Amino acid sequence: MTPKERIEKLREELHQHNYNYYVLNAPVISDMEFDFQLRELQDLEQQYPEYKDENSPTMRVGSDLNKNFTQVAHKYPMLSLGNTYSEAEITDFYDRTKRALNNDFEICCELKYDGTSIALTYENGKLIRAVTRGDGEKGDDVTDNVKTIRSIPLVLHGDNYPQSFEIRGEILLPWNVFEELNKEREAREEPLFANPRNAASGTLKLQNSAVVASRKLDAYLYYLLGDNLPCEGHFENLQEARKWGFKVPDTMRKCSSPAEIFEYINYWDVERKNLPVATDGIVLKVNNLLQQKNLGFTAKSPRWAIAYKFQAERALTRLNKVTYQVGRTGAVTPVANLEPVQLSGTVVKRASLHNADIIENLDLHIGDMVYVEKGGEIIPKITGVDMDARGFMLGEKVKFMTHCPECATELIRYPGEAAHYCPNETGCPPQIKAKMEHFISRRAMNIDGMGPETIDMFYRLGMVKNSADLYELTASDIKGLDRMGERSAENIINGINGSKEVPFERVIFALGIRFVGETVAKKLARSFANIDELAQANLERLTSVDEIGDKIAQSIITYFSNKMNCELVERLKAAGLQMQRSQEEEDSYSDKLAGMSVVISGVFTQHSRDEYKTMIEKHGGKNVGSISSKTSFILAGDNMGPSKLEKAQKLGVRIMNEEEFLALLA
Ligand code: IVH
């Protein structure tokens, strides 16, 4: 493989791993492997600058920008830290620093907290702003949410704080709160948070700060920035900050030799398990601020600091067999059945194997001794095989199932997808049951009194085979079944009848069309007046809906080209479900903007950009990205970009402000 090919391969893989991790929340490699690959790519890119690519995974600082929050530029960019897993590199860092400074220096050792970072600005002793890291240059203003965190002082104590300064730290959800939260979510059938980090960042981005307040977030501060800080050392400044009311960890320690640093690392690698919050490493910082300044920064991180990541806790155990689970969409997930083993305080018996490629890459055989890791995730994963333990008795190679374990239909694999599917949508029991479970769930039809066990029982007894059958049940069918009295039977029937009032968009979601989640269902309900219009739409019509691409459109077409699905929809319609937009919704539609292309630009005060986008669509217009001679008009807020303004004037396109636009629709 040439260096160019290797670079391209690494980029492609890392992009996929990024997606698996951040979007799907289902990483298939360990963080350490990811960092190794990223490092290899960084090295190669440095060695071969001719293959530079602005969109390489190495260019990512990561972004958590959210369109619903106001974005604020950071006064000092929020950089990340260089990562290492090896003690040798700590020694290298130490020696490098020593050479560069050519003077005595101290290293401040701290725990690396695994939450979501925050920058707090104080002026005259008052918290005035809290901003997330965002893309490092600008972040989201989450001040209202941060103010609910009890350990963050709104007003400072003492009198020696600078008139204006910034303090940074990590927002965390303590382990016990995380577990409690997930228990509640499980009870409400809401998706679980994979780890406290995701839970913390998700909570911080909630729109309702009262809910944030109920979540009991915590914050640890570890970095003070400003012009008139009280002391010359980082450690000393933080001790002052503690007196002002900040929660500064008392686990920091100043070290003067690599030996002392290793002692700190080894101590905390064990002791961190007793901390109330998640940590994933140690951060080393040159303590003296002047020395920090002299060492400076590279493009991405300070030269005066480095992070050492702990090896994720792992256990070695035997793979007994591989079983397969079939989900609602027919996706088949392989599950490793393990010899029970103790790992980070719990007994692990099963681990996810994700898909056929992972099994192949691991070259897994039954009886293999495998490494299991939890690394802050709920579901443990297999990260490797102990090849030395194999000996003569090599077990059978794990071959992915060819036929569905539940209904024996041959599995298929769609091009470009990692998962195998059982295509027998209407005849495969777990798929049928899961579809009905989805249908009755809270976010869909919200049928009170029923849960997965009820569905399972009704299905086993042959009472229901699809969601339309539910509407034909009577109280006397149910009464007298296992643990079903008159009251429960009536509850269920009332719940079923009540679901007939559930709005159209949730009915679309409840159908369980592949790739049609809540957001897509809303968009569809906005764009199609009723189910028949949706069922008859072709690819072009479907993809004209904002954010609906070929993949979703094709899935909708496939759904409605299946006769069984059409019959089901007809029966649901006959049962009285909302298969069209409500009158109220309908009244908010018009064709005032029919055939018009509208460009949105600038910052608005009365509605958000998204709201304007929706309004344009509801009135028959189309929101487009760039100005051309075909643009009907520009909806302009404050600070419209100068190049856009120039272009509009050149092409003679009308510029409309918010008031004019709202008057037009009124
Ligand atoms: S100092 C320029 N100290 O790790 C140095 N960061 O990769 C700024 N983190 O984004 C960071 N514990 O979210 C620092 N004791 C600690 C930390 C810490 C956790 C996080 C932080 C940062 C990331 C760096």
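The values are calculated or read from the model by the stated rules, or taken from the named source; none is laboratory data. What you see is a predicted model, and the numbers here were worked out from it, not measured in a lab. Note: ideal-geometry Cβ built from the backbone for every residue, glycine included; neighbour counts use all protein chains shown.
Summary table below
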quantity	calculated
Which numbered condition A219 misses (of (1) out of contact with any His (no Cβ under 7 Å at 6 or more places or on another chain); (2) farther than 26 Å from K273 by Cβ; (3) not aromatic (F, W, Y))	(2)
Among (1) in contact with a Lys or Arg (Cβ under 9 Å, 6 or more places away or on another chain); (2) more than 30 Å from L172 (Cα to Cα) - the single one E373 does not satisfy	(2)
In the range 345-397, the residues that are acidic (D, E), more than 25 Å from V270 (Cβ to Cβ) and exposed (fewer than 14 other Cβ atoms within 10 Å of the Cβ)	D357, E360, D363, D388, E396
Of all residues making up the range 385-404, the number that are at pLDDT below 95 and in contact with a Ser or Thr (Cβ under 8 Å, 6 or more places away or on another chain)	0
Residues of the range 296-331 satisfying the condition of being modelled with pLDDT under 90, of a type in the set (A, V, I, L, M) and surrounded by fewer than 17 Cβ atoms within 10 Å (Cβ to Cβ)	A299
Members of the range 438-471 that are surrounded by 21 or more Cβ atoms within 10 Å (Cβ to Cβ) and either modelled with pLDDT of 95 or more or assigned to a helix (DSSP H, G or I) (or both)	F439, I440, M445, T454, I455, F458, V464, S467, L470
Selection count where residues are outside any strand (DSSP E or B) and more than 13 Å from the ligand (Cβ to nearest atom), scope the range 251-286	17
Filter result (modelled with pLDDT of 90 or more, assigned to a helix (DSSP H, G or I) and among the aliphatic types (A, V, I, L, M)) within the range 149-192	V177
Every pair of residues 6+ apart whose Cβ atoms lie under 9 Å, when the first sits in the range 74-98 and is acidic (D, E) and away from the ligand (no atom under 12 Å from the Cβ) while the second is part of a strand (DSSP E or B) and at pLDDT 95 or above	E87/Y308; E89/I306; E89/Y308
Neighbours by Cβ (under 9 Å, 6+ apart or cross-chain): first from the range 132-143, modelled with pLDDT of 90 or more; second away from the ligand (no atom under 15 Å from the Cβ) and aromatic (F, W, Y)	T132/F69; G139/F69; D140/F69; D141/F69; V142/F69
Matching entry among T121, T148, T132 (being within 15 Å of the ligand (Cβ to nearest atom) and either within 23 Å of Q239 (Cα to Cα) or in contact with a helix residue (DSSP H, G or I) (Cβ under 8 Å, 6 or more places away or on another chain) (or both))	T132
Hits in the range 425-437 (condition: acidic (D, E) and in a helix (DSSP H, G or I))	E437
The range 414-437 - residue that is in contact with a helix residue (DSSP H, G or I) (Cβ under 8 Å, 6 or more places away or on another chain) and touching a residue at least 40 places away in the same chain (Cβ under 8 Å) and, of those, surrounded by the most Cβ atoms within 10 Å (Cβ to Cβ)	C422
Residue within the range 530-546 that is of a type outside the set (D, E, K, R), under 28 Å from M656 (Cβ atoms), free of Cβ contacts under 8 Å to residues at least 24 places away in the same chain and assigned to a helix (DSSP H, G or I) present	yes
Selection count, the range 53-91, where residues are surrounded by 12 or more Cβ atoms within 10 Å (Cβ to Cβ), at pLDDT below 85 and farther than 19 Å from H17 by Cα	3
Top-ranked residue of the range 1-17 - restricted to ones that are under 25 Å from Y371 (Cβ atoms) and touching a helix residue (DSSP H, G or I) at 6+ places or on another chain (Cβ under 6 Å), ranked as modelled with the highest pLDDT	L10
Checklist (1) assigned to a loop (DSSP other than H, G, I, E, B); (2) at pLDDT below 90 applied to E585, failing item	(1)
Search result, residues across the range 418-460 that are touching a strand residue (DSSP E or B) at 6+ places or on another chain (Cβ under 6 Å) and among the small types (G, A, S)	A419
Subset of the range 388-418 (residues that are in a loop (DSSP other than H, G, I, E, B) and either basic (K, R) or touching a Leu at 6+ places or on another chain (Cβ under 7 Å) (or both))	R390, V398, K399, M401, T402, C404, R413
Pairs where the first residue, in the range 346-365, is of a type outside the set (A, V, I, L, M, F, W, C) and the second is crowded, with 20+ Cβ neighbours inside 10 Å, C-beta under 6 Å, 6+ apart	K349/L338; S352/K381; H354/V28
Unmet criterion (only one of (1) surrounded by 16 or more Cβ atoms within 10 Å (Cβ to Cβ); (2) away from the ligand (no atom under 15 Å from the Cβ); (3) closer than 23 Å to C231 by Cβ; (4) not small (G, A, S)) for T143	(3)
Residues of the range 211-230 satisfying the condition of being in contact (Cβ under 8 Å) with a residue 24 or more places away in the chain and away from the ligand (no atom under 16 Å from the Cβ)	V212, A213, R215, K216, D227, N228, P230
Residue within the range 356-367 that is farther than 22 Å from F400 by Cβ and either modelled with pLDDT of 90 or more or within 23 Å of the chain's Cα centre (by Cα) (or both) present	no
